[in-house]
1. Using a 1.4 Å probe and ignoring any ligands, DNA or RNA, find the accessible area of Val59 and quote it in Å² to the nearest 10.
2. What does the accessible area of Arg199 come to, in Å² to the nearest 10, when a probe of 1.4 Å is used?
3. How much accessible area does Lys247 have with a 1.4 Å probe, in Å² rounded to the nearest 10?
4. Determine ³J(HN,Hα), in whole Hz, for all residues of the range 120-129 in sequence, where each value follows from phi through the Karplus function 6.51 cos²θ - 1.76 cosθ + 1.60 and θ = phi - 60°; x replaces Gly and Pro.
5. Output ³J(HN,Hα) for the range 106-118: one whole-Hz value per residue in order, computed from phi by the Karplus curve 6.51 cos²θ - 1.76 cosθ + 1.60 with θ = phi - 60°, and x for Gly and Pro.
6. Could you work out how far the C-alpha centroid of the range 31-67 sits from that of the range 221-286, in angstrom?
7. Step through the residues of the range 269-281 one at a time and calculate ³J(HN,Hα) from phi using the Karplus curve (6.51 cos²θ - 1.76 cosθ + 1.60, θ = phi - 60°), rounding each to whole Hz and writing x for Gly and Pro.
8. Longer than 21 Å from Cα to Cα, which of Lys128/Lys280; Lys25/Lys229; Lys73/Lys237 are they? Say none if no pair is.
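The values are calculated or read from the model by the stated rules, or taken from the named source; none is laboratory data. Quick caveat: nothing in here was measured; it's all calculated off a predicted structure. For the accessible areas, the whole protein counts, side chains as well, though only heavy atoms, and no ligand, DNA or RNA atoms are used. Shrake-Rupley method; radii C 1.70, N 1.55, O 1.52, S 1.80 Å.
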Amino acid sequence: MKEMANKMKQGKESGEQEQMEEDLKTIRQLLENLVGLSFAQEQNKKDVETTTPNTPRYVELAQQQYKIKDDFKLVEDSLQALATRQFQIEGIITEKVTEVKANLKNSLEELEERRTNTANEYQHRTMKGLNDLALLLAESMQQMQEQMAADMPGSQSCDKPGKGKGKGKGKGKGDGEPKDKMSKGQEDINKIMKDLKERLEKQGKDGKEKGGKEKPGGGGGGTNPGNSKEFAQLAAKQAALRDALRKLQKEKQEQGKGDKALDDIMDEMNKIEIDLVNKKLTNDMLQRQEQILTRLLEHEKAEREREQDEQREAEVARQQQPKMPPALEEYLKKRRAEVEQFRTVSPALKPYYKQLVEEYLKGKPHGSWAVE
């Protein structure tokens, strides 16, 4: 029976692992499609802004908008199929898909009526909805990858021994990954953002030298599909780091040790994510990222000092008063009562014998005890 139970358990785990791998592949493909649609919508929006309504080019742009709507229909079917298997994100996927469909419909109606300004507004909302879906899928993919790594036996990293004796135990108190990995992750994100900004500025400079106009998006790469993908990946990494920080804060709050500084850091991270989704990259963002890194380092330093203080306090010996055995304590109590009785109740004795009793009670030897 035990062997059969183990086989059934292994079969179930294997099936779940295969299903998760299949979902992960689907999410990766959907993420690429959503990023491509977002880029196409952004380009169409910019072209509509600079095109006169009563021209053949305007009609072509309206047809391109129809194509974006048809392409999203294919993505919508895959999203709905994924949502039925991943119930954790089913609600928000349904909500965002509904928003995107409504904005696409409204943008087409406004384009047909030649109301360019209103059409641009709905196109912008469509682009934002696509970016939100891409960000959601990126977060989901990150969590699934972490879960798959944790479920796999063996050593996945130096701080996660796997399912053996040290399952779930890392350095320190067994909190999993060391907390200083968060600051390392934030530092990596900051470096990627700096490199991306330098490349965008270089692209903008090259565009000016060739007689073109500087493109929006923090330096001239906002319309490049590769840059759009990098922005989406950066936003996903920042979201994954914020999610890890949120889990840490939840654990601390359950222990009664919540830290308001972590809430402030998560708020700043959320603002950075929104800017990245909208393909913004400025010097102010880089400064805020450096502030986030500094605050993370300060928090981790404070945590290490607190853990060291707790360990040091636990090693200090405590002075304890020796406890008297109950039997001996009872005997001494009775003895004190007897002596007190002798002292308080004076026997009716002659002065000579009375003196002998007093000396006996005081414990003084007397030469006449043997005679008496």
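1. 60
2. So the heavy atoms of Arg199 present about 100 Å² to solvent.
3. The accessible area comes out at roughly 90 Å².
4. Karplus-based 3J(HN,Hα) across the range 120-129 equals 4, 5, 5, 5, 5, 5, 4, 4, 5, x Hz.
5. Karplus values, whole Hz, x for Gly and Pro: 5, 5, 5, 4, 5, 5, 5, 8, 6, 9, 5, 4, 5.
6. What the calculation gives is 30 Å, centre to centre.
7. Once rounded to whole Hz, the list reads 4, 4, 5, 4, 4, 4, 5, 5, 4, 8, 6, 9, 8.
8. On the way: Lys128/Lys280 13 Å; Lys25/Lys229 17 Å; Lys73/Lys237 27 Å.
The pairs that break the limit, which is 21 Å between Cα atoms, are Lys73/Lys237.
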